[in-house]
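The values are calculated or read from the model by the stated rules, or taken from the named source; none is laboratory data. Just so it is clear, the structure is predicted and the values come from calculations on it, not from any experiment. Cβ coordinates were reconstructed from backbone atoms using ideal geometry, including for glycine residues, and neighbour counts include every protein chain displayed. In case anyone asks, the SASA skips ligands and DNA or RNA and just uses the protein heavy atoms, side chains included. Shrake-Rupley method; radii C 1.70, N 1.55, O 1.52, S 1.80 Å.
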Amino acid sequence: MSQTPKHFQRLTAAAAVKALTTGSRRFLLADEVGLGKTVVAREVIAELARRRRGEEPFRVYYFGSGRTVTAQNAPRLCPDSESALCDASRPSLMAMSEIPKANVLVFQFTPETAVPRIHGRGRSGVAIERALLRVLVAKVLRCSLPHKESVRKAFRGAASENGFGQALRFCRRQYREGRLLPGYGLSDAFRAAAREVFGAGQNEHLSQRLTAEIDKDAKVCVAKLREALTRAALRCLPPHLIVFDEFH
């Protein structure tokens, strides 16, 4: 792909920047295949990042319709050598990522994994995510989970005992060493998000509400904790620009 935008691509990028900084702050680009939509997106990112230079890194959330699309196009969105891709495959796992030192940060997600579900297929997430939740519930929410097989299974999911145990030890070490988004206030954000998701009243102890929920349905409780973690991560690292690619 050519690194130098053509004249019509520069004009399109300028129009997009104007729309994104004034008015509706939305812009739809619908071109034929091969006309350089990714080039335009890259130029838009470069210009918006330039305008914010000197502040915090410019964060881009790039959503592709599937992993193949994101893997192919996300690197092309990085405007220069001062840009970096972030390795989190879903917003909740940004808590486990080492955020690169760069002027532009591109996070790449797909809808099927980025949005946590309370019910239905895909609500359990991945093992490392559930292991992190187990640690945060104990260390941040100060809640002792019931010693029930249903609770253990809800957190372990389809992972083996050994595999989940390894993930749990890794997450405990990450928490103990202060590696969970240091400087971004993840613990406070997770605590506040959990109160919202579980509907805890102002004077209600969150641990009481959480214990009641997990006794009622452990799998739903874990799914709600995933939502709380996602909300917390988004508040710690909110996007400055969201790009949707190949959506129909």
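Solvent exposure of region 7-120 amounts to 54 Å² per residue of accessible area, where only protein heavy atoms count and the probe is 1.4 Å. Taken over the chain, lysine pairs spaced eight or more positions apart, or on distinct chains, with alpha carbons under 23 Å apart number 15. Given +1 at the Cβ of Lys and Arg, -1 at the Cβ of Asp and Glu and no other charges, the dipole of region 1-136 around its Cα centre is 340 debye to the nearest 20. The simple Förster model, with R0 at 22 Å and r as the Cβ-Cβ distance, assigns residue 52 and residue 84 a FRET efficiency of 0.90. Working from label points 7 Å from Cα in the Cα-to-Cβ sense, the residue 8 to residue 203 distance is 6.7 nm. Our coupling estimate for region 31-43, obtained by passing each phi through the Karplus curve with A = 6.51, B = -1.76, C = 1.60 and θ = phi - 60°, is 10, 5, 4, x, 8, x, 4, 5, 4, 4, 4, 4, 5 Hz, Gly and Pro reported as x.
When the Cα positions of 23, 198, 91 are compared along the charge dipole of the chain, 198 comes out farthest toward the positive end, with charges on each C-beta of Lys, Arg, Asp and Glu.
For region 93-248, the carbon plus sulfur part of the accessible surface works out to 48%, probe radius 1.4 Å.
Ellipsoid semi-axes for the chain, based on the Cα gyration tensor and the rule √(5λ), read 38, 18, 17 Å when sorted largest first. In this Cβ point-charge picture (+1 for Lys and Arg, -1 for Asp and Glu), region 1-60 has a dipole of about 180 debye about its Cα centre. Could you tell me what percent of the DSSP beta bridges with both partners in the chain are antiparallel, to the nearest 5? Antiparallel bridges make up about 0 percent of those DSSP assigns within the chain.
For region 1-64, with all protein chains present and a 1.4 Å probe, just round the carbon and sulfur fraction of the accessible area to a whole percent.
Details: 2170 of 4010 Å².
Of all accessible area on region 1-64, carbon and sulfur atoms account for 54 percent.
Taking the helices alone, the chain has a mean residue ellipticity at 222 nm of -15000 deg cm²/dmol, built from -39,500 (n - 2.57) per DSSP H run of at least 4 residues and averaged over all its residues. Considering only 228, 14, 194, the Gaussian network model of the chain with Cα springs below 10 Å gives its largest mean-square fluctuation to 14. When you filter the trypsin sites (Lys or Arg not before Pro) in region 128-173 for DSSP loop state and at most 13 other Cβ atoms inside 10 Å of their Cβ, you are left with 142, 148.
In the elastic network of the chain, a GNM with C-alpha springs shorter than 10 Å, the most mobile of 102, 30, 19 is 30.
Springs join every pair of Cα atoms under 10 Å in this Gaussian network model of the chain, and among 188, 31, 217 the largest mean-square fluctuation is at 31.
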